[in-house]
Structures are given as C-alpha cells and as structure tokens.
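The values are calculated or read from the model by the stated rules, or taken from the named source; none is laboratory data. What you are looking at is a predicted structure, and each value in this text was computed from that prediction instead of being measured. So basically every Cβ, Gly included, is an ideal-geometry build from the backbone, and we count neighbours across all protein chains shown. For accessibility, only protein heavy atoms count, side chains too; no ligands or nucleic acids. Shrake-Rupley method; radii C 1.70, N 1.55, O 1.52, S 1.80 Å.
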Amino acid sequence: MTRLFAPFRPLFSNRELFWQLLLRDIQSSVRGSVLGIGWIILTPLVLVAIYTFVFGVVLQSAWVSKTDSSLEVPLIYFTGLMVFSFFMEIITRAPEYIRANKTYVTKIVFPVEVLDWILVGTAAFKLAASATLLTVFLVLVLGRFPVGMLAAPLVIAPLVVLCAGLAWFISAVGTYVRDLNQLLLAIGPVLMFVSPIFYSVEQVPENFRALFWANPLTWVLETLRGLLFFNQGIDWQGYALYWVAAIAVFSAGFGFFQRARTGFADVI
Amino acid sequence: MTSDGIMIEARGVSKSFDRGRGQLSRLWRTFAGTGAENAFWALRDVDLDVRGGEAIGIVGRNGSGKSTLLQILCGTMRPTSGTVKTRGRISAMLELGAGFNPAFTGRENVRLSAAAHGLDAPTIAARMDSIEEFADIGLYFDRPLHEYSSGMYARLAFAVSAHVDAAILIVDEILGVGDSAFQKKCQRFMHGFMNGGGTIVFVSHDPGAVTALCKRACWLEAGRKMEDGVATKVMKSYVDSIYSLSGPPDRTGDADAGEINDPAVGGQDPYWGASNRISISRFSGDAPRHGFGGCLIEDCFISSSGSTLCQSVTGGSPVTLHIRARATRRIDCPIAGFIFRQSDGQNLFGDNTYLTYKDNPLSVLPGQVFEAKLSFVMPYLPPGRYSIAPSIIEGTQHSHVHLDWREEALFLDVVSSPVRSGKVGLVMKSIYRGETDVDGAIAR
C-alpha cells in the first residue's frame with residue numbers, strides 16, 4: 001500500500017515547488033503572446049471548427065440523425081478531441097521533458113520526480129479549461145445544464161492516473177533513447193484515427209472491435225460521449241477494470257522511472 | 001550536525017562514464033547494474049571530509065573531475081562506487097543562472113528557485129525584500145531575465161543561495177562574474193556563513209580567490225586526489241605543476257631550469273618580511289591575438305638574469321621581460337610593449353620601447369627576428385592571477401598600427417603574499433620612524 005502512494009510523496013513534500021513550476025509551465029507556453037492565456041481556449045476552438053467542417057459538412061457523420069440538434073455534433077467532436085489532446089500532450093512532451101529541463105537534473109539540487117507531475121498537471125489544466133468551455137457550449141445548445149458533466153471527472157480520473165504512469169515510462173526511456181520522440185510524433189496522427197473520436201466503436205466492423213477496446217482511450221471516449229450526449233450511464237464493471245489497469249501502469253511506471261533516473265545526469 | 005561536526009563525508013567515491021554505443025543498451029546497463037562499457041573514469045577513490053565552519057577549495061585542471069565531484073556532492077549525480085553523506089540543506093551554484101527561466105522576472109525566478117530549495121510560500125514571501133536588497137539590481141528585479149547581464153544573473157543567483165538556510169554551500173566559479181563591489185559582498189557573506197558554522201565547497205581557477213576564502217584546498221588530477229591540506233601549500237604545488245607541465249617541454253632544454261634560476265627560494269624582503277613568489281606560465285602561442293599582421297610574436301618570457309627563462313620570480317626582485325618577434329614584411333619603426341593585467345582585466349602597469357628609441361628608429365627586414373628587453377623591478381603582488389599582453393606596433397605612440405597583440409600570453413599566479421592593501425606592493429627604498437630634526441629633515 002505504501003508503494004502505491006510512493007509517487008505522491010515527492011509531490012506532497014514539494015507542493016510549493018510543484019505549484020510554482022506548474023504555473024510557470026502553463027504560462028510559458030503562452031508568455032509574451034498578445035492573447036496570452038486566451039490561446040488555451042482558442043486552439044481547441046479552431047480545431048473543432050475544422051473538424052466540424054470536414055466531418056460534419058464534407059463527410060456526413062452518423063451522429064447527425066441521433067442528436068436533437070445538429071449543433072451537438074461539433075460538440076461531440078470537441079469532447080473526443082479534448083480527451084485525445086490531453087493524452088497526446090503527455091505522450092509527445094514526455095520523451096523530451098527531462099532533457100528540456102536539463103539544468104534541474106544536473107545543476108541544482110532538485111526532486112526530479114516532480115517534473116513529470118508538472119507535465120501531467122499542465123495537460124490536466126488544459127483539459128479542465130476545455131471541459132469548462134464545453135459545459136458553456138452545452139448549456140447554450142441544450143438550454144439546460146448537462147447533468148452528465150458532473151460525472152465526467154469520475155470518468156477522466158483513471159485516465160489521468162494512467163497517463164501519469166505512461167509519462168513516467170516515456171520520459172525515462174526518452175531521456176536515454178532520443179528516437180522515442182520521433183516515434184511518438186509519427187504514431188500520434190495514427191492514434192487519432194484509430195481512436196473513436198469522429199466515429200463510434202459500434203460503426204467499427206465486429207471483428208476489429210476487440211482491438212479497439214485495447215486502446216486506453218476507447219473506454220473513456222465512449223463513456224464520456226454516452227454520458228454527455230446520449231443519456232447513457234457508466235459501465236461500473238469496466239470502470240473498475242480500468243482503474244486496476246491504470247494503477248498497475250502508474251505503479252510500474254514510477255518504479256521504472258526511479259530506477260532509470262540514477263543515470264539521467266550521465267546521459268544528458 | 002553530529003558531534004564530530006563533519007558535514008560532508010565522501011568515502012572512496014569513484015565515477016565512471018559510459019562511453020559505450022547504443023542508447024537502448026545503455027538504458028539496459030543502467031537497469032541491470034552491469035558495469036559501464038568502454039568506461040571513462042572521471043573520479044577514482046576520492047575521500048573527503050569537510051567540517052562545519054570550514055571552506056575547502058577544489059582545484060584542478062579542466063577535466064580533472066572537479067565538476068563531477070561537485071555534482072556527486074550535491075546529489076545530482078550518483079557515484080559508480082563509494083558513498084557520500086551530507087548533513088543539512090545544500091545550496092549549489094554549479095552554473096550561472098541554472099534553473100532560472102529567462103522569460104520570467106527576477107522576482108518570479110526567486111520564488112521558484114527558493115521553492116526548489118524547499119522553502120514554503122510564507123517563508124519565501126517573508127524573505128523576498130531581503131533577497132531583493134542583497135541582489136541589488138534595482139528595477140531589473142521585476143524585469144524578465146533575458147534583459148539581464150551575466151553580472152545580474154550572478155547577483156540574483158547568489159542572493160537566493162544566501163537566503164535558503166543552507167548548511168552547505170557549493171560554489172563553482174560563479175564569482176568570476178559581477179563587479180568587484182558584488183564580489184566583496186559575496187566574500188563577506190561567505191565569511192559570515194562560515195563563522196555561523198556553514199560549510200563551503202569552492203571551485204575556482206583563480207588561486208588568489210581560493211586562498212582568500214579557504215584555509216584548506218584539495219587538488220584533483222585525472223580524477224584522483226593529489227594533495228589535500230593547507231590551502232597556500234596545496235595551491236603552490238598545483239600552480240607549480242600546471243606551469244611545468246604546460247607548454248613545450250623542450251623550451252629551455254633543461255626541465256629544471258626554472259628551479260635553478262629560481263631566486264624565490266629563501267628570498268625574503270627586508271621590509272615586507274616575507275617572500276612573494278610569483279609563478280609564471282610558458283608563452284602560450286595560441287593565446288587570443290589581434291593586429292594587422294606584419295610581424296609575429298614568437299616568444300615572450302621573463303628572466304631574472306636577463307637571459308634564460310624563469311618559471312618563477314619573487315616580488316621585489318629585478319626581472320626582464322623578453323619579447324621576440326619575427327617580421328613578415330619590412331617594418332620601419334617597431335615599438336614593443338606590454339601591459340600587465342589583473343585577472344578581471346584591469347591594467348596594472350605597462351611600458352614600451354618608444355621613448356627610449358624614438359630618435360633611433362630601427363628597420364626590420366622580412367624574416368628578421370628582433371627582440372625587446374624591458375627590465376623592471378617586479379612589484380609585490382597580492383594573491384591572484386595576472387597576465388601579460390605583449391604587443392608590437394608600428395609608428396609612434398600617438399599614431400600607430402597594431403601589428404601583433406597577444407592577450408594573456410603569459411599567466412602569473414600568486415598564492416601567498418605579504419601585500420595587505422592596494423593592488424600592488426611597492427619596493428620600499430627605506431622606512432623610518434623616529435624623531436624629526438628641527439628643520440624637519442630625516443635623521444638617521
């Protein structure tokens with residue numbers, strides 16, 4: 001049990017540092033630009049506009065017939081994209097993250113474990129900002145508060161834990177192996193099309209479906225969409241299973257990171 | 001702190017770097033704990049005990065393992081074998097502005113840097129004014145760091161380190177930047193820090209800076225400890241070794257020429273009451289140079305007898321600076337000169353051949369070698385590093401062309417000195433204390 005909480009210990013004992021760095025990490029992506037923090041809202045909006053045009057107008061989506069308002073379809077995409085962006089941000093930033101913060105590793109006395117927490121924290125902040133934006137849109141489109149949104153954090157929590165675990169792995173390996181960054185950048189777009197963002201798993205031919213459920217994003221995307229747009233509940237058995245997997249990845253990732261970090265200063 | 005007061009305890013510390021191929025196999029070796037492939041040993045079996053209230057200077061050439069040792073003492077790098085135990089919070093200044101983000105203001109960076117040292121928000125807020133005052137960079141404190149000069153960086157970094165309740169301060173060469181007022185402030189702070197029981201590990205290339213701060217020094221050579229003990233003694237061996245090893249060994253044809261010509265041995269000035277040994281490096285042919293060409297300074301050295309090179313002289317003794325140059329074109333009025341500088345670039349003194357030879361111009365033909373000898377009494381020098389920049393110019397003192405000018409062609413190092421005040425100590429002709437005659441003339 002204590003091992004399970006080991007990754008949280010450096011976070012707690014360095015909470016002041018964590019907040020400082022998290023704030024800085026969020027700010028530094030927009031610092032100096034005219035719109036500043038506005039970009040965090042604007043970037044997903046632009047994406048949604050493009051995808052709405054391509055998949056809603058050019059290629060007709062199957063969801064148009066299932067929803068009350070045609071304006072809901074872009075919001076379905078938005079829901080999928082915000083979850084996917086969260087995942088991708090962590091996956092693509094992690095390989096270079098330790099290297100990018102080289103001076104923290106080699107030149108000052110610093111708890112290196114905190115770095116990955118910041119990576120996850122920034123992505124989570126952007127996800128929360130997008131979710132807030134989504135809620136506002138839903139209220140405007142539906143004319144009422146989307147009750148399913150209250151359960152959304154519950155669905156996303158195990159994904160955050162899973163991504164933190166992946167971040168431990170990827171950042172540790174990426175510090176040694178530079179190719180990992182390129183590899184993940186190449187896989188990124190592929191992953192977007194094999195995740196049920198612009199379509200539902202039900203549209204996937206039966207014999208491929210099992211493969212889709214192996215994608216860690218599938219369960220979250222499907223559940224969240226059902227919850228927000230189609231009045232579906234949470235499959236609790238799947239939920240429990242997801243948590244077990246997430247915690248396993250999380251603990252293993254932290255253990256891996258702690259072993260690998262002994263050599264960080266030597267390789268960067 | 002334990003009863004024995006030892007703050008840093010390093011036992012048999014060795015570090016090997018893996019120079020093997022393959023990123024993945026390297027990751028594997030980290031996990032498997034198998035030895036490094038094609039290992040490079042940066043440190044070998046280093047033991048080090050440093051007590052509270054003690055400052056130790058670490059010296060050694062580039063690549064001798066100083067930085068590796070510091071990183072291991074800080075805990076940012078793990079030794080391959082051996083153990084390091086430290087007590088109390090460590091504040092490390094290994095690199096100028098490490099951990100600072102240039103896009104953020106000084107105040108924001110202080111907040112972060114203090115948090116990285118483990119201070120909580122209320123403590124940081126309470127100390128902010130004091131940090132701002134220590135840094136003393138005025139309005140720049142609220143400007144982003146990319147507007148800072150390197151001196152301001154150093155001020156900010158030092159100001160933070162001075163306020164984080166560190167028990168051990170590890171400083172690598174950071175004080176070289178910043179003006180002398182700030183350096184004085186740092187010196188004062190570090191002395192106060194030691195008196196309060198703090199421990200300092202200090203790395204510098206400037207022997208004067210080491211002996212000014214540290215009573216003890218440790219000399220590393222190729223990853224091993226060569227000498228550890230009284231700072232002035234260790235620095236003397238170190239400085240001697242770099243000068244006897246650098247430069248082509250066949251220059252004088254006699255490796256011990258420096259020792260034979262060394263008037264420093266036993267030489268004591270009657271007025272200063274102590275000897276002021278000055279070690280001199282060999283002429284460095286690849287020293288930074290500028291000038292329009294036309295001649296090439298081929299050699300520059302100091303002798304005490306007026307003929308052969310000396311590796312050390314004493315302050316207060318007569319010396320001759322030799323400058324030899326080869327003309328690559330016809331030169332009509334060559335002037336040879338030099339400037340004697342402090343390590344911070346301040347000119348202490350200098351002279352040239354112009355006034356003596358202005359009515360007796362010399363013409364040098366291409367390929368011809370000419371020599372200038374400037375004899376003077378070497379002043380007493382405070383501890384520190386000095387350099388001599390020889391130059392050949394053509395024309396007059398007022399209207400001339402630089403032909404060849406070498407910065408830092410010679411380095412001079414002083415480890416111990418009787419000079420207590422001023423930039424140089426003069427050779428006193430006589431010193432008298434007693435009654436004055438009625439007419440004020442000195443009675444002797």
Given (1) open to solvent by 40 Å² or more (accessible area, probe 1.4 Å); (2) more than 22 Å from B:Gly5 (Cα to Cα), index of the condition B:Asp228 fails: (2)
Cross-chain or 6+ apart pairs with Cβ under 7 Å, the range B:54-71 first and within 22 Å of A:Ala265 (Cβ to Cβ), then basic (Lys, Arg): B:Ile58/B:Lys66; B:Gly60/B:Lys66; B:Thr68/B:Lys15
Sole residue being at pLDDT 90 or above and in a helix (DSSP H, G or I), chosen from A:Leu162, A:Leu133: A:Leu162
Residue under evaluation B:Ala336, criteria (1) modelled with pLDDT of 90 or more; (2) surrounded by 15 or more Cβ atoms within 10 Å (Cβ to Cβ); (3) in contact with a Gly (Cβ under 8 Å, 6 or more places away or on another chain), criterion not met: (3)
Unique match (being open to solvent by 40 Å² or more (accessible area, probe 1.4 Å), under 26 Å from A:Thr67 (Cα atoms) and modelled with pLDDT of 90 or more) among A:Trp236, A:Trp213: A:Trp236
The range B:15-28, residues that are more than 7 Å from chain A (Cβ to nearest Cβ) and either surrounded by 18 or more Cβ atoms within 10 Å (Cβ to Cβ) or in a loop (DSSP other than H, G, I, E, B) (or both): B:Lys15, B:Ser16, B:Arg19, B:Gly20, B:Arg21, B:Gly22
Sole exception among (1) touching a strand residue (DSSP E or B) at 6+ places or on another chain (Cβ under 8 Å); (2) farther than 14 Å from B:Ala92 by Cα for B:Ala166, by number: (2)
Of all residues making up the range A:102-116, the number that are of a type in the set (Val, Ile, Thr) and at pLDDT 85 or above: 3
Filter result for A:Val73 (open to solvent by less than 20 Å² (accessible area, probe 1.4 Å), within 14 Å of chain B (Cβ to nearest Cβ), in contact with a Phe, Trp or Tyr (Cβ under 6 Å, 6 or more places away or on another chain) and not acidic (Asp, Glu)): no
Qualifying helices (runs of 4 or more DSSP H) (wholly inside the range A:204-268; at least 1 residues being more than 14 Å from every other protein chain (Cβ to nearest Cβ), of a type in the set (Asp, Glu) and in contact (Cβ under 8 Å) with a residue 24 or more places away in the chain): A:216-229
Set A:Val194, A:Val173, A:Val177: member being in contact with a Phe, Trp or Tyr (Cβ under 9 Å, 6 or more places away or on another chain), under 25 Å from B:Arg26 (Cβ atoms) and surrounded by fewer than 20 Cβ atoms within 10 Å (Cβ to Cβ): A:Val173
Identity of the residue in the range A:22-44, exposed (fewer than 13 other Cβ atoms within 10 Å of the Cβ) and outside any loop (DSSP other than H, G, I, E, B), that ends up modelled with the lowest pLDDT: A:Gly38
Residues (of a type in the set (D, E, K, R), at the interface with chain A (Cβ under 10 Å from one of its Cβ atoms) and surrounded by fewer than 22 Cβ atoms within 10 Å (Cβ to Cβ)) located in the range B:78-122: B:Arg78, B:Arg89, B:Glu95, B:Glu108, B:Asp120
Among (1) open to solvent by less than 50 Å² (accessible area, probe 1.4 Å); (2) away from chain B (no Cβ under 14 Å) - the single one A:Val57 does not satisfy: (1)
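Listed here are the residues, each with its yes/no results for (1) within 14 Å of chain B (Cβ to nearest Cβ); (2) open to solvent by 30 Å² or more (accessible area, probe 1.4 Å); (3) within 20 Å of B:Arg78 (Cβ to Cβ).
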residue: A:Ile90; (1), (2), (3): no, no, no
residue: A:Thr103; (1), (2), (3): yes, yes, yes
residue: A:Val109; (1), (2), (3): yes, yes, yes
residue: A:Val112; (1), (2), (3): yes, no, yes
residue: A:Ile118; (1), (2), (3): yes, no, no
residue: A:Phe125; (1), (2), (3): no, yes, no
residue: A:Phe145; (1), (2), (3): no, yes, no
residue: A:Val155; (1), (2), (3): no, no, no
Within the range A:1-21, considering residues that are open to solvent by 80 Å² or more (accessible area, probe 1.4 Å) and away from chain B (no Cβ under 13 Å), the one nearest to the chain's Cα centre (by Cα): A:Phe8
Any hit, the range B:401-412, residues being of a type outside the set (A, V, I, L, M, F, W, C) and part of a loop (DSSP other than H, G, I, E, B): yes
Within the range B:29-60, tally of residues that are within 14 Å of chain A (Cβ to nearest Cβ) and open to solvent by 70 Å² or more (accessible area, probe 1.4 Å): 5
Test: A:Val155 is modelled with pLDDT of 90 or more and more than 21 Å from A:Gly263 (Cβ to Cβ): yes
Residue under evaluation A:Gly80, criteria (1) of a type in the set (Gly, Ala, Ser); (2) loosely packed, with under 14 Cβ neighbours inside 10 Å; (3) not in a loop (DSSP other than H, G, I, E, B), criterion not met: (2)
